[in-house]
Amino acid sequence: IGLEEMLQAAGLIEGVNYRVQPVQGNGGRPDITVFLPDNAEIIIDAKAPWNLYQQFIEAEEDQREQKKQAFAEGMRSHIIALQERNYPQNAERQTPEVVLMFLPNISMYLDAREADPNLTEEALLRKVSICPPEILYSSLKTVALTWQQKKTYENVIEIQALSKDLHSRIKVFNNHLFKMAASLKSTVENYNKARKSYLARLAPTLESFEDANLIPDTDTIKEQSNTSANLGYPPEVDSNMEVATEDQIKDKG
């Protein structure tokens, strides 16, 4: 429980950054596997002989040394057992060939070293690293920071890809908009020409029919002709039709 609380305090999430007691191919069940970026992991054991240490702490003065030696012997036995289980060899991912042996407090580590000064070196020879909370927590924080950096890098890559895709889509959209503006401008110019032709040639003849009462009053179009008008798009529409080309976009960066 203490180890899981430490993992969570370091910013790691169960099922995402670590697993509890995963089953290995040979049936082994390490207590914790912490995932590392690039398909790697580290293995943590949390089965140090706490009961023997508690017996040492609670022992009477005349039995304390004996209980301390028993505790140190229990530590050595557990280190040998970890070596024999060979968790790294059976891991699903790449892993350092060292198992982290978690101790719940620093006093447990110091008392074990006092009873057996060579304990740490012997453990390392057997590819076991004894880790009190202070050491393990700093390692876990490093792992969490590595994950954050990886996530940041992935976000940057994704943003770059989205930016390129957005730029490509804008270029296509601008091309369509430019063609539409050119078409609208041509349409307005042709309409103005048709309007001028109508006002200059057709409208007078139509009005003559109506003035001669050859057309019923209900069918007259005199009010629609407005011979003094000449439709032309205003200057502001002219400027709005100036849509940037792809080359102009590139020039502006």
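Going by accessible surface with a 1.4 Å probe and the largest first, 41, 61 read 61, 41. With all protein chains in place and a 1.4 Å probe, the accessible surface of the range 51-206 carries 55 percent carbon and sulfur. Net charge within 13 Å of residue 129 by Cβ-Cβ distance, Lys/Arg positive one each and Asp/Glu negative one each, not counting residue 129 itself? Charge balance near residue 129 sits at -2. Electrostatic tally near residue 33: other residues with Cβ closer than 14 Å to its Cβ, Lys and Arg +1, Asp and Glu -1, net -2.
Amide H of residue 129: which non-local residues (sequence gap of 5 or more, or other chain) have their own amide H closer than 5 Å, using H built in the peptide plane? It is 99, 100, 101, by chain and number.
Distance cut-off 24 Å, Cα to Cα: go down the list 47/67; 47/127; 47/141; 127/151 and report the pairs above it. The answer is 127/151. Of 120, 187, the order by accessible heavy-atom surface (1.4 Å probe, DNA, RNA and ligands excluded), from most exposed downward, is 187, 120.
The values are calculated or read from the model by the stated rules, or taken from the named source; none is laboratory data. These numbers were taken from a predicted model, which means no experiment stands behind them. Please note: Cβ atoms are built from the backbone with ideal geometry, for glycine as well, and neighbour counts cover all protein chains shown. Keep in mind that these areas ignore ligands, DNA and RNA; they rest on the heavy atoms of the full protein, side chains included. Shrake-Rupley method; radii C 1.70, N 1.55, O 1.52, S 1.80 Å.
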